[in-house]
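What follows is a single structure, written as structure tokens, with notes after it.
Derivation of every value follows stated rules applied to the coordinates shown; laboratory data play no part. This one's a predicted model, so the numbers in the text were calculated from it and none came from an experiment. Neighbour counts are summed over all protein chains in view; Cβ atoms, including those assigned to glycine, are modelled from backbone coordinates with ideal geometry.
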Amino acid sequence: MSGTRVVVIEDDPSVAELVTLYLKNAGFVVEHCATGAEAREAFTRGAPACVVLDLGLPDADGLELFAEFRRKHDAPVVALTARAEDVQTIAGLDAGLDDYLTKPFNPRELVARVNAVIRRATGSGGTRPLEIGNLTLDPAKHEVTVDGQQVSLRAKEFELLEAFCRQPGIVLTRDKLLENVWGFAYPGETRTVDVHVKQLRDKLNGAKAKIETVWGVGYKLVPPA
Ligand code: CA
């Protein structure tokens, strides 16, 4: 990731400083904008690898700023939000934010998210739609359907499902999934995987492919016979 440019849009100096420090330590070139006006100017200087966008800015509506950016560039955007209501807005929003964190957040977590969205955007896994029975996952459109009906997934649920769909029938350990989906290993955080798998199962209950538990090991996606 050395030399990769990330634009951080954040008006709170202490948050901006912390985020900048952690991203720089992770090898990114960080460009900080404290206002929407500065951000708009930064957007004209070409596409960064990723944008970290605080939705609560003094001079701009964060989501509007996001939409403006999206009209020009495809680079992934990780939103920062202060209030629980914002999370609701985002979750319900089909605007295509790549990920978000609610303040206060662990800056290491932010670095992991930034790495993950960049990895996803640079398409190491390819962008062809993956079809397993009546389940389709389209990495390019970031869309999942069951029997042609769109299923709304959160960012991490999508990435987790993508990991399964890329290796159907193969057992994936919780540690492997943590590393692939969450960006790096969180020792002892494997329950996160379990929680997300449960959510995926609930949302995909019409799919013929099933995520099966392999006791003591992890999970695998079992395609329909
Ligand atoms: Ca703010």
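The table below gives the values:
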| quantity | calculated |
| --- | --- |
| Segment V195-S14, extension gain: residue separation times 0.36 nm, minus the distance between their alpha carbons | 61.9 nm |
| Kirkwood hydrodynamic radius over Cα pairs of the chain, then Stokes diffusion coefficient at 4 °C and 1.567 mPa s, in µm²/s | 71 |
| Over 18 Å (Cα to Cα) - which of K198/K220; K103/K176; K103/K203; K141/K176 fall in this group | K103/K176; K103/K203; K141/K176 |
| Alpha-carbon Rg with Dmax, taken over the range 5-122, Å | 12.7, 34 |
| Dmax and Rg, reported as Rg then Dmax, of the range 130-222 (C-alpha, Å) | 12.4, 38 |
| Residue exposure sequence - D147, D54, D138, D74 - by fewest surrounding Cβ within 10 Å | D74, D147, D138, D54 |
| Packing-based exposure ordering (other Cβ within 10 Å, fewest first) of S14, S152 | S14, S152 |
| 0 to 90° range, to nearest 10: angle between helix 107-121 axis and the chain longest Cα axis | 70 |
| In nm, spacing of pseudo-spin labels at K210 and N106 (7 Å Cα→C-beta vector) | 3.4 |
